[in-house]
Structures are given as structure tokens and as C-alpha cells.
Amino acid sequence: MRYTLLAVLATAACGGGDATPSVSVETAAPEALVPTDDTLDDLTITVSYADGDGDLGGGIAEIQDCRAEPLLIALAIPPIAPADVVADKTSITGTLDLHVNDVGDFATEVLPAACADLGVANLAAGQTVFCVTLTDAAGNRGDGDCTAAIALE
């Protein structure tokens, strides 16, 4: 499977804040995937983030496919803020597009703890949910957020 990360927008704000990054899933597209068709098995999750000390770049975005614990994707987050913003511990906000390519056909197992902890209920047949957490360069891991159910056709 191939996974990529694209930083879409990052803006610096004045003053430092909470060093733990926060994330909110804004969209997930498409609403349905076809794991047996390589042209229809890629998902883009757009998230908004806030990082109180500006060091989210160099961290990790984790995406848990809630069908099973082993379906965890770790994406390196490229540099986002300029070095002076990070050095000054200035807060940043923005959006990231997280690309999950080649979502495969996989039997649903026990709901991963990462998903259950974020309020995901047991999955219905033919669907999954993806939960995203961000860890900054200093190792501060924020709370996560999850997509709505994604149909698997």
C-alpha cells in the first residue's frame, strides 16, 4: 500500500499555546471505496489542526483503519512552520490532506482500542471508519478524531 501526506495550509498565530496538537476531521472522500478496483480504492482525509508550539512538522500522523489493529498507517509530517516560528514556540493552525491509497479488502476483526477510545461503535458489514491522531516533533500526542463511516463496496 502507498500512503502520502500533503500539507495544504499552515498559518502562524501569535503566542504559544498548548504543546499538544489537536486534530479535527473535516472531510473524507469519496464516501465509498471499492477495495477490488485500484481506481476506486483511494481515500483522502482532510483534517484541520492546531499546534500551540509550532512543531507539528517533523511529527507523525497516524491513521487507524477501524477494521483491525494491524491496519495502522503512520505518515511523516513534513516541515510546516518556518524555523523561527518553531524556535519561538508560536502556535500554528491549518489543514492537512492525508492520502490513504490502496485500501484493501480485509475482514473486520476486533475494534482497535484507538477507535473505541474515540467513540467508534462496532462496524456494520461493508463499512469502515478511519481515526486520525497527530504527534508533534517533540512527541506530544494529541487526541484523535474519526471520519464518518466509509462504505466498502
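Read-outs: derived from the displayed coordinates by stated rules, not from any lab. Since this is a predicted model, take the numbers as computed values, not measurements. Ideal geometry is used to build each Cβ from the backbone, glycine not excepted, and the neighbour counts take in all protein chains shown.
Would you kindly calculate the translational diffusion coefficient of the chain, applying Stokes-Einstein with the Kirkwood radius from alpha carbon pairs, for 37 °C and a viscosity of 0.692 mPa s, and quote it in µm² s⁻¹ without decimals? Using the Kirkwood radius from Cα pairs, D works out to 209 µm²/s.
To one decimal place, what orientation-averaged projected area in nm² is obtained for the convex hull of the Cα set of the range 46-134? Don't skip to the answer; put the middle values down first.
Numbers: hull surface 25.0 nm².
Averaged projected hull area, Cα only: 6.2 nm².
Determine, for Glu69, Glu31, the number of other Cβ atoms within 10 Å of each Cβ, and report the residues in order from fewest to most. It would help to have the intermediate numbers written out before the result.
Values: Glu69 15, Glu31 12.
Lowest to highest Cβ neighbour count: Glu31, Glu69.
Over the chain, DSSP H runs of length four or greater, each weighted -39,500 (n - 2.57), average out per residue to a 222 nm ellipticity of -1000 deg cm²/dmol.
Of all beta bridges that DSSP places with both ends in the range 3-152, some 95 percent have antiparallel geometry.
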